[in-house]
Structures are given as C-alpha cells and as structure tokens.
Amino acid sequence: MTVAASPRRIALLAWLVALLLGAAVIAHTRFSTDLSAFLPGAPDARQRALVEQLKSGIASRTLLMAIAGGDAAQRATASRALADRLRAEGAFEQVLNGDFSAFAAVGRWVFDHRYRLSPAVDAQRFSAAGLREAIDDTLSLLGTPAGALVKPVLDRDPTGESVRIAEGALARGGPRTRDGVWVSRDGTQALLMSVSRAAGSDLDAQAQLLATLQRTFAALAAPGLELLVSGAPRFAVDSRAQIQHEAHLLAITGTVLLGGLLLVAFASMRALAAAMLPAATGVVAGVAAVSLVFGNVHGATLGFGVALLGEGVDYAIYYLIQARRSAADAPGQGWRHWVLESWPTVRLGLLTSVCGFLALAFSGFPGLAQLGVFSIAGLAAAALTTRWVLPVWLPDGTRGIGLRHQLGRCGRWLVRALPRWRHAFSALALAALALLLWRHDVLWQTELSSLSPLSAQALALDTRLRDELLAGDERTMVAVSGRDVQNVLQQVEAVSGRLDKLVDGGVLVGYDAITRFVPSLATQQRRRGALPDEATLRANLAQATAGGALPAQRLQPFVHDVQAARTAAPITLQSIAGTPLAPIAAALLVHGSDGVFTALLPAVRAPGPQGADAERAIEQAVSGLADVQAFNVGDELRRLYEHYLHEAQAQALLGAAGVVLLIALWLRSLPRLLAVCKPLALAVLLTMAGFAAAGVELGILHLVGLLLVVAVGSNYSLFLDWLRHQEAIDDDTLASLLLANLTIVLSFGLIALSAIPSLSSIGRVVAPGTLLALLASAAYAAPRAAQR
C-alpha cells in the first residue's frame with residue numbers, strides 16, 4: 001500500500017462505517033407527520049397556553065362537523081342519529097349537537113355539587129329571609145319555560161342553586177338551534193362538535209375514528225346528505241397520508257428524472273452511480289443527524305431532503321467533469337488536480353451553505369430547525385464524500401462524453417453574451433427594489449396558517465366551522481398564569497367578578513371560566529361554612545315557608561343534601577378526572593410542560609354597538625391584577641407568527657452576513673467580493689419581486705428558499721469568479737455549472753409542484769432563484785478569457 005493510497009483507503013473505510021452507523025440510527029428513527037412541528041415555541045405564558053392547546057390539549061382532539069344537503073328535517077334527523085350513535089360507541093368524551101340531553105351527565109354532576117359551585121351561596125341566603133326570597137324566586141319559574149327543569153328537583157333544590165349555575169352557562173351563547181339541533185347562521189347546515197378520547201398525537205386511532213365516523217354517517221343519513229369534517233385530528237390524519245404519498249412520489253420521480261438527466265449528460269452508468277453517491281450519503285447523514293438531535297424526523301423534512309439531492313449531486317458533477325479535464329495531461333492524477341484547483345472553491349461554497357442554514361437550525365419552529373440540521377449534515381456529508389470517496393472509485397472523473405461538449409458550448413455562449421446585459425440586470429434589480437419598497441407593507445404574511453401544510457380549501461372550511469361553533473379565532477381571551485394552581489384559581493375568581501359587571505352592562509354575552517366547575521379551595525371552604533347545621537336549617541326553613549305554597553315538610557331532601565354538602569370532599573382537578581367535567585376543565589386550565597398553570601377565560605362579546613369595544617373594556621376591567629392578560633386570539637396568533645418571522649429574518653441576515661464574511665476572507669479583494677455577491681443579491685431581489693408582482697405574500701418558508709438560493713448560487717458565483725482569473729476558458733467547468741444548475745432547477749421544480757404548501761413554497765423560490773443566480777453570475781463575474 002503506497003503512502004498516497006493509504007489515506008484514501010482509510011477515508012473509504014471511514015465512509016462505509018459512517019454509512020452503516022447512519023443506517024442503524026435510521027432503522028430506529030421515529031418518523032412523524034405531526035402538524036405541531038410547524039407551531040412555534042411560545043415566548044410568554046398566554047402564547048404557550050394557546051400552543052399547548054393546539055399541540056396536545058382538547059383542541060388537538062376536537063372535530064368540527066357540518067351536515068349539508070337535503071332539507072332541514074333530514075339534516076336534523078341525521079344530526080340526532082349521528083350524535084346518538086357516536087355517544088353510544090364510547091370513543092368520544094363529548095358529542096355536541098345542540099341536544100341538551102347530551103349534557104345530562106354534566107348536569108347531574110353539577111347538581112350533585114351545586115352548593116360548592118353556586119356563586120349565590122352565602123350565610124344570608126340560608127337565613128330565614130334569604131330562604132324565603134330564594135324559594136319565592138324558584139316558585140316563580142314554574143310558570144315559565146324553565147319550569148319543566150325546575151319542577152322535578154324542587155324538593156331538593158328549592159333555592160334554585162342549579163338554576164343560578166345554569167344561568168352562567170346559558171349566557172355564553174352558542175350556535176343557532178332549530179328542531180333541537182345546532183344549525184349554521186344561514187340555516188343550510190346542521191352543526192356538530194366532538195372530542196375524542198384518543199390523544200391527538202395517536203394518528204392511527206384518529207384515522208380509525210374518522211373512518212368510523214364516515215361509515216356511521218353513510219349508514220344513517222338520507223340520500224343527498226354530505227358530512228363535512230374539519231379540526232386538528234382531520235388535519236393531522238390527512239396530512240400524514242399526503243406527506244407519505246408526496247415523500248414517496250418525490251423520491252421516485254426525483255430519482256428517475258435526475259438519473260435520466262445525468263445518464264444523458266454523462267453517457268455512463270458508472271458515472272451516474274457515482275453522481276448519486278454523495279447525494280445518497282447526504283440523505284443518510286441528514287436523516288440520522290435530525291433523528292439524533294430531535295428524536296424524530298418529520299415527513300416534510302424528508303420531502304425537502306429529496307430536493308436537496310440536487311445540491312448533493314452538484315458536488316459530484318463538479319468532480320466528475322472537472323477531474324476528467326485535469327486527467328487529460330496526467331492520467332490517474334485527475335483527482336489530485338481537482339483537489340488543488342476546484343476543491344477549495346467547493347469547500348468555500350459548502351461553508352457558505354452551512355453558514356446560511358445555521359439560521360434555520362436555531363429556529364423556534366421545530367420543523368424549520370429540522371430542515372436546518374438536515375441541510376448542514378447532508379451537504380457536509382455529500383461534499384466530504386465527493387472529496388474522499390469519489391477519487392477512490394473514479395480517480396480521473398468520468399470517461400463518458402454525453403452532453404458535455406454541448407453544455408460547454410452553451411456555457412461559453414452565456415459568459416460571452418450575458419455581460420453585455422449587465423446594465424439590464426442592474427436596471428431590473430433597481431426596479432425590483434422599488435417594487436419591494438412600494439409593497440413592503442403587504443410583502444410578508446402575518447398569519448400562522450401560512451406555515452400549515454394544509455390546502456386553502458381545508459383551511460377555509462375550518463375557518464367557517466370554527467366561526468360557527470366557536471365564535472372563530474377573533475374572540476377575546478383572558479389568561480391567568482402561575483405555578484400554584486390555587487393562586488391561579490383565586491385570580492380567575494377575581495377576574496370573573498369584573499367580567500360579570502361587563503355581562504350585566506351588556507358588553508359581553510358571557511364567558512367561560514374553570515372556576516365555574518373547580519372553584520378555589522378558599523371559595524369552597526367559604527361556601528361550605530355558609531351552610532347551616534341541620535337544626536338551624538330546619539328552624540330557618542320553617543319560618544321561610546310559613547304560609548307559603550311550599551311546606552317545609554316537603555323539603556326533607558333539601559335538608560339532607562345541604563348536610564351532605566357540609567362534609568363532602570372539596571372539588572379538585574384530581575377529583576374530576578374521569579368525570580364528564582374533565583374535558584371541559586382541560587380546555588379551560590392548561591398545565592404546561594414548563595410547570596406553569598394557565599387558565600383561559602374565553603369571552604363572547606355582545607353583538608352590535610354594545611360589544612364593539614369589548615376587548616378594550618376587558619383590558620380595562622382586568623388591569624391591575626397580577627399575572628392576568630387580555631388578548632384577542634386571532635391577534636395573538638398573528639403576533640406569535642410575526643415574532644418568529646422577525647426572528648427568522650434577523651437570523652437570515654446574520655447568515656447572509658456570515659456568507660459575505662467568509663467569501664471576503666477567502667477572496668481578500670473588494671472588487672472580487674462585489675463581483676461574487678452582486679449576482680446573489682440580484683437573484684434574491686428578482687425572486688422576491690416576482691412574488692410581489694404576482695401578489696403572493698412571503699413567509700418564513702419562502703425565507704428558507706431564499707437562503708438556499710444564496711447557498712447554491714454562491715457555488716456558481718465563486719466558480720465563475722475563479723474562471724475569470726484563469727488564462728483560458730474552461731468548457732468543462734462551464735458544463736459542470738450548467739448541469740449542476742439543471743439538477744437543482746429540476747429537483748426544486750418538482751417540489752414546487754407539491755400539493756403540500758409548506759414544500760411547494762420552498763420549491764417555487766429555489767427553482768427560479770438558482771437559475772437567476774447562475775445567469776447573474778455569468779453577467780457579473782464572467783471570465784475575461786470568454787470575452788476575448
């Protein structure tokens with residue numbers, strides 16, 4: 001073994017070991033399609049509570065449904081039949097459709113605990129005068145529509161505590177009701193909502209529930225009726241199927257098209273296999289690195305990785321063509337010349353790519369951070385495979401000619417013709433800059449949904465059903481946070497007292513609060529202390545009912561219940577686990593992964609002018625209370641997205657500055673630095689302007705694409721700058737640049753056609769952006785030899 005050959009064989013052995021280790025990691029990797037990868041970590045308590053709900057709270061298990069078609073009677077019948085069947089199957093914690101019989105279990109629980117829950121319970125209420133007034137109020141309800149509910153429990157609840165509790169629940173409002181079921185505002189659809197028992201992250205169980213739901217509806221519904229389903233479980237299941245399909249389709253299609261292109265270009269099966277080797281190694285390294293860092297690999301990361309095959313193939317193309325040129329003068333030594341002449345430029349291009357993708361690796365979005373780690377590990381592995389492994393296999397590059405001459409002639413024509421259009425490129429850049437400045441206020445997306453892999457139609461249906469069933473995302477919310485649950489509950493009670501005044505004033509229709517069902521221990525103790533002993537209660541009751549329509553003798557059950565309440569255990573979060581109240585409590589009190597409890601109080605503002613300024617009224621009402629914040633849910637989600645968009649923009653700028661610094665340190669020449677960087681800036685400007693001209697707002701995923709444009713484009717610009725300072729034009733290098741650009745445009749052109757918006761957004765930036773980067777590099781960094 002020669003001294004020269006030894007390091008190469010060691011490198012080959014190291015590559016094989018690394019490949020086997022990567023494969024072993026992948027074999028134990030958990031692949032995910034969880035949509036929460038595209039939700040950010042939240043910077044404050046109220047945003048954390050919202051994101052926790054979307055990730056793993058009740059929101060992740062809630063389905064929103066609408067029955068369309070047929071007439072009103074058919075829709076109502078189908079709604080009742082479907083709800084009854086789903087409740088009977090036991091797979092759902094709640095199935096709501098406006099039928100109050102569905103609340104029977106909740107109603108029984110509330111009735112049994114009424115003396116802990118009723119805000120009216122105090123010592124005055126159980127005095128003789130207080131009992132007389134309360135009993136008279138309850139008897140007055142017998143002649144009203146509420147009488148049917150009051151009469152059966154009159155002997156046990158003559159003071160109407162259950163009615164008082166129900167008043168708060170009814171005040172919250174809800175969808176319109178017709179024929180005993182919820183209907184849409186226009187009356188053309190029946191509405192339902194369900195909460196599954198299975199965790200939102202258990203996609204197999206959610207998929208089975210959705211399939212059962214559709215089968216059940218098909219068996220029960222009249223012909224012509226259609227069931228529309230939305231919600232986080234539906235999104236997660238559909239996205240998993242779509243991502244799996246797209247990943248396989250992109251992998252197969254990308255491999256076939258890239259393989260066909262390279263086979264035509266090289267006219268050599270051996271060269272084709274060698275060209276795919278760095279890319280395949282990069283994918284293995286990228287998947288393994290993401291798995292080790294994050295514990296799972298998202299399906300969208302795999303889809304992006306397939307497209308990244310294009311840049312991995314680029315490194316191989318540079319070697320296979322350029323090493324062959326060097327071998328013409330020294331057979332068997334082509335790889336040495338390539339390492340001396342071209343590898344430094346490829347290495348610098350790799351470092352600029354790593355610098356750019358570091359911005360993604362530190363993103364607050366797990367999905368984007370995965371893309372960053374995948375890109376860094378994958379590109380580094382592909383470049384190192386090109387440097388150390390391909391020279392062992394093909395020391396003189398590829399022997400096949402294929403389209404090399406044609407590509408070389410085309411490249412020579414470009415570097416001769418495009419410099420004459422420099423001024424046109426500069427003018428376009430100025431026009432693009434002017435357009436971007438003119439549209440700067442509408443240039444960037446402000447909605448978190450822009451990160452969603454869901455289609456516009458699915459998002460539109462979800463928005464409409466959410467607006468019908470849940471008052472939409474534009475409702476006002478009050479958040480109370482703290483590490484001690486009792487302190488949080490006491491603060492919620494303080495907030496409730498202030499919101500009650502807004503309800504009384506007609507500003508709010510109502511609101512929800514965890515303390516309606518789980519009061520603080522201090523409040524429960526106070527209410528229990530207000531309940532009189534049996535002798536006192538009987539004496540007060542005798543005075544209160546004297547001469548009245550309801551004799552005290554009938555109220556023995558009432559006396560018994562009051563005495564039982566005096567010794568009953570307090571209501572706690574632990575005590576309601578497994579009860580019908582558990583899902584309600586989970587929605588209103590979130591225990592975050594950081595140990596912070598956050599209570600959410602969603603408020604429904606009054607319609608018309610009275611509720612127009614409800615948000616400001618709520619903010620004023622809760623001002624001065626510690627750890628209490630009022631916010632609009634839609635505005636908060638937008639602020640959350642904008643926070644991370646600004647963070648990503650800052651990180652991208654830092655990455656771009658790092659790229660410029662690396663190139664400056666390498667070139668050590670301001671004119672050359674400008675010649676290399678101008679094409680990259682122009683490609684970014686023109687790409688962004690193209691989207692602005694088309695009226696397409698940019699988001700974080702477009703920013704990912706722009707980073708990749710800079711990363712890939714720097715290779716073209718650096719190589720052309722290197723050629724600019726050579727004595728003679730090099731057709732092989734120009735051919736390698738054109739072929740590399742074709743592979744990138746083809747790879748990301750496939751992603752641009754993806755049905756997953758989060759992937760297609762990246763592809764629609766990178767495909768045209770990298771083409772512009774090559775053309776601009778030819779215009780601004782054209783070889784002087786090509787101009788003679």
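Points worth noting:
- Normalised per residue, the accessible area of segment 628-707 is 41 Å², obtained with a 1.4 Å probe and no contribution from ligands, DNA or RNA.
- For segment 549-583 versus segment 356-373, the gap between their alpha-carbon centres in whole angstrom: 54
- Farthest toward positive dipole pole in segment 122-221 [+1 Lys/Arg, -1 Asp/Glu at C-beta], among ALA221, GLN206, LEU191: ALA221
- Taken per residue, the accessible surface of segment 63-175 reaches 45 Å², heavy atoms only and a 1.4 Å probe.
- Dipole of the chain, positive direction: furthest Cα of ALA648, SER375, SER127, with charges on the beta-carbon: SER375
- Stokes-Einstein D (µm²/s) once Rh is taken as the Kirkwood radius of segment 572-641 over alpha-carbon pairs, at 25 °C in 0.890 mPa s: 168
- Each of PHE691, GLN629, LEU673 was placed along the dipole of the chain (beta-carbon charges, centred on the mean Cα), and the one lying farthest toward the positive end is LEU673.
- Share of carbon and sulfur in the accessible heavy-atom surface of segment 738-782 [1.4 Å probe, %]: 78
- Nearest-10 value in Å² for the accessible area of LEU209, using the 1.4 Å probe: 30
- Inverse mean reciprocal Cα-Cα distance (Kirkwood Rh) of segment 474-585, Å: 17.0
- Cα-centre dipole for segment 503-621 with unit charges at Cβ (Lys and Arg positive, Asp and Glu negative), debye to 20: 420
- Hydrodynamic radius of segment 178-330 per Kirkwood, over alpha carbon pairs, in Å: 20.0
- Take the Cα radius of gyration of the chain and divide it by 2.2 N^0.38 Å, N being the number of residues; the result is 1.23.
- Computed over segment 497-655, the ratio Rg/Rh where both radii use C-alpha atoms and Rh is Kirkwood: 1.15
- Derived scalar couplings ³J(HN,Hα) [segment 690-702; Karplus, 6.51 cos²θ - 1.76 cosθ + 1.60; whole Hz; x for Gly, Pro]: x, 5, 5, 5, 7, x, 9, 6, 8, x, 4, 5, 5
- When +1 charges are put on Lys and Arg Cβ atoms and -1 charges on Asp and Glu Cβ atoms, the dipole computed for segment 530-688 relative to its Cα centre reaches about 560 debye.
- In sequence order, segment 495-504 has phi-based couplings of 5, 4, x, 6, 5, 4, 5, 6, 5, 4 Hz under the Karplus curve 6.51 cos²θ - 1.76 cosθ + 1.60, θ = phi - 60°, and Gly or Pro positions carry x.
- Table column - 3J(HN,Hα) (Hz), segment 542-548, Karplus curve with 6.51, -1.76, 1.60, x for Gly and Pro: 4, 5, 5, 9, 4, x, x
- Built amide H within the under 5 Å cut-off of VAL183, gap 5+: ARG176, THR177, ARG178, LEU191
- Rounded to the nearest 20 debye, the dipole size of the chain about its Cα centre is 2100 debye, using +1 on the Cβ of Lys and Arg and -1 on the Cβ of Asp and Glu.
- Calculated [222 nm] ellipticity per residue, helices only, for the chain: -21000 deg cm²/dmol; basis is -39500 (n - 2.57) per DSSP H run with n ≥ 4, divided by all residues, nearest 500.
- Taking packing as the residue-averaged number of other Cβ atoms within 10 angstrom, the listed peptides 183-193, 409-419, 343-353 run from highest to lowest as 343-353, 183-193, 409-419.
The values are calculated or read from the model by the stated rules, or taken from the named source; none is laboratory data. Predicted, not measured: the structure shown is a model, and the values here were computed from it. Glycine gets a Cβ as well: all are built from the backbone with ideal geometry, and neighbour counts include every protein chain shown. Heavy atoms of the whole protein, side chains included, go into the accessibility calculation; ligands, DNA and RNA do not. Shrake-Rupley method; radii C 1.70, N 1.55, O 1.52, S 1.80 Å.
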